[in-house]
Amino acid sequence: MAGFTFSEKQEKEIDRIVAKYPFKKSAMLPLLTLVQRDERVVSPEAMVAISERLDCSPAYVQSVMSFYTMYHTEKVGKYMILFCINISCQLNGCDKLLEYTAQKLDIKVGGTTADDKFTLHREECLADCTNAPMMRINDTFYGELTEQRIDQILDSLS
Amino acid sequence: MTQILFKNIDMKDLTDIEVYEKQGGYQSLKKAFAQKPEEIVAMVKASGLRGRGGAGFPTGLKWSFLAKDVFPRYLCCNADESEPGTCKDRELLLKNPHMLIEGMILCSYACSIETGYIYMRGEFHDLSFIMDKALDEARAKGYLGKNIQGTGLNLDIHTHLGAGAYICGEESALLNSLEGGRGEPRMKPPFPAVEGLYAKPTVINNVETLCVVPYIVNEGAEKYAALGTEKSKGTKLVSVSGNVKRPGNYEIVMGTSTREIIYDLAGGIRDDNNLKAFIPGGSSVPMLPADQVDVAYDYESLAAAGTMLGSGALIVIDDKVDIVETTLRLISFYMHESCGKCVPCREGTRWLHQIVERILQHKGTLEHLTKMEDICDNMSFKTFCPLADACVAPVVSSIKHFRSDYEKYFKNIPTGSV
């Protein structure tokens, strides 16, 4: 198994994160997030590296990681589209727009485009209900969606 | 209209500490530091402020429950806002981060706390940058750090991001998550005030709750308590979403009629359809039919109407909507978010989902409604945390008020299809 080593930049960030807590295990989620952000996946090798950094077993890291939906064991696209389908968005027609987005990207919901650019996921409430229907792409929230607006947003990222 | 939390909310650059200070920001610290910590707790008690996250527990009382003489103590701000329909905390964090920091400093002073965490849901990554910048500014100004304003108080506050789990909004699950574990709820007691984060006394408050505290310290408990009803004091942020013309976060005085919120503030029902139902406090509370729209928006009146104020998310549903489909969507949410620790929740949410799906496929019978109520009965108050009860609320209330929506699926069932 090829090892995973943190980059120098990541090491610095990890030091800063760990210093926030009296017990370093609290840095578990932030470290997983850091790896996910940089690698777009958390590999078993990265789990081992995190476990060594936080003095716990790799199995424990995996157990924690599997609990949260934002970590992926398979690589996701450059742009992660989380499409809210919960009640306020449902009342504002998100189902059709999700279908439209999937057709436009020519993928199934849950899939990634062939060029690894976009991954499209159904998502539970993202706390932007007053702008429903909405989606989140990486760190950005996009509300008041229409087919035209989805076209514009996706075209600007393509 | 009285605005406490949203007074300057749309002011340009309010996230900048200089701008915030010009509006009187951080002034409450001087007032607070001139008094004893226990006087601040007494003041918050007297204000009648109750937790704005969902449970509505009296804030001052919560603070006074901290185990005596046990240190260190921790403050966790619950910014895991995930209750479907709720987006008020997001607006506060996005536009007025210093108000939260000020509230957290006051709470820390009152409760002798030296470390605070702001637990934000992972999807609020964008807001964590705003918050981190605001915390840096507060440190540079000497509002955080060692010996703050010469009072001897030491305090630092950090942001912490979750990673996608509704359950982490439940306070004991939040603590487990913050400790680096799976976000499963803990057995209570012990309550967090006695054994919380790292098994130390911990205060956990919602963003909105903490944001109210500077006003109480500045203006006095009486002024805050003069707003609202006898038992529901002050103002409340209400996130109005769904089929309304002007969805948005509105600050209302407790006791305002729900009709006024929907028809005046939010502009009424979109496309001039009629109101069919509304969920007053986020998806975890029972829905009410249109004829109860005059109910006053406060803890007691909503409880008397058979529902709850919850997180203050008013979801408005018009008469073009099929309640069965809406209910299925909510069950699906709770099924997805159940952590699986307690069997009634893990299995119950799944069974309810299977039954409602079957009903929607015209394969249901009247007996299924009885079965659903039976399952709900076996989920209520039988789990570590209230997620199961939250799932039960829309199911039972939808059957109670909108039985005909279900019944229309029972007609013309081909024989042998069930």
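The values are calculated or read from the model by the stated rules, or taken from the named source; none is laboratory data. Keep in mind that this is a model prediction, so the values were computed, not measured. Cβ placement follows ideal geometry from the backbone for every residue including glycine, while neighbour counts extend to all protein chains displayed.
Give the number of residues within the range A:114-130 that are more than 7 Å from every other protein chain (Cβ to nearest Cβ) and over 12 Å from A:CYS94 (Cβ atoms).
At the first step, the residues of the range A:114-130 found to be more than 7 Å from every other protein chain (Cβ to nearest Cβ) are A:114-123.
Filter once more, keeping what is over 12 Å from A:CYS94 (Cβ atoms): A:114-121.
Count: 8.
Here is a yes/no grid of residues against (1) within 16 Å of B:ASN205 (Cβ to Cβ); (2) surrounded by fewer than 24 Cβ atoms within 10 Å (Cβ to Cβ); (3) in the same structural domain as B:ASN205 (by TED's automatic domain parsing); (4) in contact with a Gly (Cβ under 7 Å, 6 or more places away or on another chain):
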| position | (1), (2), (3), (4) |
| --- | --- |
| B:SER108 | yes, no, yes, yes |
| B:CYS111 | yes, yes, yes, no |
| B:ASP126 | no, yes, yes, no |
| B:ILE130 | no, yes, yes, no |
| B:LYS146 | no, yes, yes, no |
| B:ASN154 | no, yes, yes, no |
| B:GLU170 | yes, no, yes, no |
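With respect to B:PRO37, determine if the residue is more than 18 Å from B:MET131 (Cα to Cα), within 14 Å of chain A (Cβ to nearest Cβ) and touching a Ser or Thr at 6+ places or on another chain (Cβ under 8 Å). Full working, then the answer.
Numbers: more than 18 Å from B:MET131 (Cα to Cα): yes; within 14 Å of chain A (Cβ to nearest Cβ): no; touching a Ser or Thr at 6+ places or on another chain (Cβ under 8 Å): yes.
Criteria not met by B:PRO37.
Select, from B:GLU179, B:GLU184, B:GLU137, B:GLU171, the only residue that is in contact with a helix residue (DSSP H, G or I) (Cβ under 7 Å, 6 or more places away or on another chain) and more than 10 Å from chain A (Cβ to nearest Cβ).
On the way: B:GLU179 fails: more than 10 Å from chain A (Cβ to nearest Cβ); B:GLU184 fails: more than 10 Å from chain A (Cβ to nearest Cβ); B:GLU171 fails: in contact with a helix residue (DSSP H, G or I) (Cβ under 7 Å, 6 or more places away or on another chain).
Residue meeting the stated conditions: B:GLU137.
Restricting the first residue to the range B:140-164 and requiring it to be farther than 30 Å from A:ASN138 by Cβ and more than 14 Å from chain A (Cβ to nearest Cβ), which pairs with a second residue that is hydroxyl-bearing (Ser, Thr, Tyr) and surrounded by 14 or more Cβ atoms within 10 Å (Cβ to Cβ) meet a Cβ separation below 7 Å and a spacing of at least six or different chains?
Listed pairs, sorted by first residue: B:TYR143/B:TYR26; B:LEU153/B:TYR109.
Filter the range B:264-282 down to the residues that are over 27 Å from B:ASN8 (Cβ atoms) and either modelled with pLDDT under 95 or surrounded by fewer than 24 Cβ atoms within 10 Å (Cβ to Cβ) (or both) and list them by number.
Of the range B:264-282, the ones over 27 Å from B:ASN8 (Cβ atoms) are B:268-280.
Listed by number, the residues that qualify are B:GLY268, B:ILE269, B:ARG270, B:ASP271, B:ASP272, B:ASN273, B:ASN274, B:LEU275, B:LYS276.
Taking the range B:79-105 only, how many residues are within 14 Å of another protein chain (Cβ to nearest Cβ) and over 15 Å from B:ALA313 (Cβ atoms)?
Quick first cut of the range B:79-105, residues within 14 Å of another protein chain (Cβ to nearest Cβ) only: B:79-95.
Next, only the ones that are over 15 Å from B:ALA313 (Cβ atoms) stay: B:79, B:93-95.
Of the residues in the range B:79-105, 4 are within 14 Å of another protein chain (Cβ to nearest Cβ) and over 15 Å from B:ALA313 (Cβ atoms).
Of the residues B:ALA304, B:ALA313, B:ALA393, only one is among the aliphatic types (A, V, I, L, M), touching a residue at least 40 places away in the same chain (Cβ under 8 Å) and assigned by TED's automatic domain parsing to the domain that holds B:ARG246; which?
So the residue among B:ALA304, B:ALA313, B:ALA393 that is among the aliphatic types (A, V, I, L, M), touching a residue at least 40 places away in the same chain (Cβ under 8 Å) and assigned by TED's automatic domain parsing to the domain that holds B:ARG246 is B:ALA313.
What number of residues in the range B:219-263 are touching a Gly at 6+ places or on another chain (Cβ under 8 Å) and either surrounded by fewer than 17 Cβ atoms within 10 Å (Cβ to Cβ) or under 18 Å from B:SER301 (Cβ atoms) (or both)?
Number of matching residues: 19.
May I ask you to list pairs of residues, at least six apart or on different chains, whose Cβ atoms are under 8 Å apart, with the first in the range A:136-148 being without any contact (Cβ under 8 Å) to a residue 12 or more places away in the chain and the second being part of a loop (DSSP other than H, G, I, E, B)?
Final answer for the pair search is A:TYR142/A:MET134.
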